């Protein structure tokens with residue numbers, strides 16, 4: 001989505017950009033989309049989206065005849081169903097914070113918030129690893145990680161598109177099928193991933209962005225009211241993303257706190273889990289990608305694959321971004337994490353101001 005408005009941002013100074021905050025911020029977001037034909041109820045072919053398919057995130061998702069919650073209900077699709085995204089449009093009504101709808105090929109219109117944009121890409125088999133291991137990224141809508149190739153019927157986790165893991169070993173089962181061994185970074189276990197479903201991330205894919213811009217001349221602002229992340233170089237906005245920050249839940253207040261921060265710790269992948277699995281707001285999420293921590297307690301930027309509903313608070317304090325946006329922030333911020341390291345701590349991170 002950012003690529004659609006990048007040129008509009010580059011023409012603005014920070015002061016000009018922030019004139020559009022508050023009630024007008026949504027208009028700023030929609031303006032370049034409308035300039036490109038993304039008008040309410042006018043369907044734009046899926047040319048401006050990075051990914052061609054959509055995976056259903058929620059347990060059930062209603063499909064409508066038109067891009068409106070008031071339209072005729074056509075059918076219901078279920079969690080982890082995958083359909084091509086035929087087009088995208090802007091709905092006229094609620095939810096006001098996120099009016100983007102997808103037209104799913106052969107089905108109808110669904111609200112974008114409960115669809116993860118994905119691809120279906122299988123990968124060549126790699127049979128050699130460096131001693132330090134290597135990062136992989138899941139490139140299919142989902143794959144079931146198994147306990148061991150000798151017991152492929154025992155599923156450990158379902159791993160989703162865009163998630164990232166470390167691989168430390170390559171094994172073959174009795175039929176010659178190749179599996180990658182993933183040591184879990186949260187629990188004292190490991191599991192195995194179908195090699196065709198994972199892409200080895202090469203160093204050039206995560207090289208730093210704008211490394212020649214001094215630390216003093218690059219920073220990030222997070223606008224809580226507008227739910228926006230903006231990166232600046234030399235007073236000019238060069239990146240914009242919608243976000244979902246911390247919210248208040250029935251079991252606690254997890255709102256992201258205003259203040260001045262540094263990206264003082266980074267890692268490409270993290271298994272995040274908290275709470276009793278039976279509790280409504282518990283979570284157990286392996287492979288969360290592109291983590292940039294702001295606090296010792298774990299508040300961070302990170303990629304999100306369990307929702308696509310940006311524009312309102314809904315996290316446990318973190319700054320949720322799409323995996324693509326999170327990778328951009330990871331590459332642009334300090335400290336730089338060498339591609340063979342699982343984590344990097346430093347006191348010279350990038351400045352982050354939360355308002």
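Since every read-out is calculated from the coordinates, none of them should be taken as a lab result. Note that the structure is a prediction, hence the values are computed from the model and not measured. Counting neighbours? That spans all protein chains shown, and the Cβs are built from the backbone with ideal geometry, glycine included.
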Q) Taking 0.36 nm per residue of separation and subtracting the Cα-Cα distance, what length does fully extending residue 312 through residue 336 add? A) 5.6 nm
(Q) Could you tell me the relative contact order of region 208-354? Use alpha-carbon pairs under 8 Å, at least six residues apart, and round to a whole percent. (A) 31
Q: Express the relative contact order of the chain as a whole percentage, based on alpha carbon pairs under 8 Å and six or more residues apart in sequence.
A: 15
(Q) Given a Förster distance of 35 Å, report the FRET efficiency between residue 59 and residue 345 from their Cβ-Cβ distance, rounded to the nearest 0.05. (A) 0.35
Q) Where in region 182-225 is the amide nitrogen less than 13 Å from a point lying 7 Å along the Cα-to-Cβ axis of residue 169? A) 182-184, 189-193
(Q) With a 10 Å cut-off between alpha carbons and a GNM built on the chain, which of 116, 341, 227 moves the most? (A) 341
Q. For region 134-201, what relative contact order do you get, as a whole percent, if you take Cα pairs closer than 8 Å and at least 6 residues apart?
A. 38
Q) So for the pair residue 132, residue 355, with labels modelled 7 Å out along Cα→Cβ, what separation do we get in nm? A) 3.9
Q) So if R0 is 22 Å, what FRET efficiency would residue 72 and residue 158 give, r being the distance between their Cβ atoms, rounded to the nearest 0.05? A) 0.10
Q.
How much length would be gained if the chain were fully extended between residue 79 and residue 196, taking 0.36 nm per residue of separation minus their Cα-Cα distance, in nm to one decimal?
A. 39.8 nm
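Subtract the Cα-Cα distance of residue 234 and residue 121 from 0.36 nm times their separation in residues, and report this length gain in nm to one decimal.
Details: separation 113, 0.36 × 113 = 40.68 nm, distance 3.83 nm.
Contour length minus the Cα-Cα distance gives 36.9 nm.
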Q. Which shape class, rounded, prolate or oblate, goes with the chain when its Cα gyration tensor gives a ≥ b ≥ c as root eigenvalues, a/c under 1.5 marks rounded, and past that a/b bigger than b/c marks prolate?
A. oblate
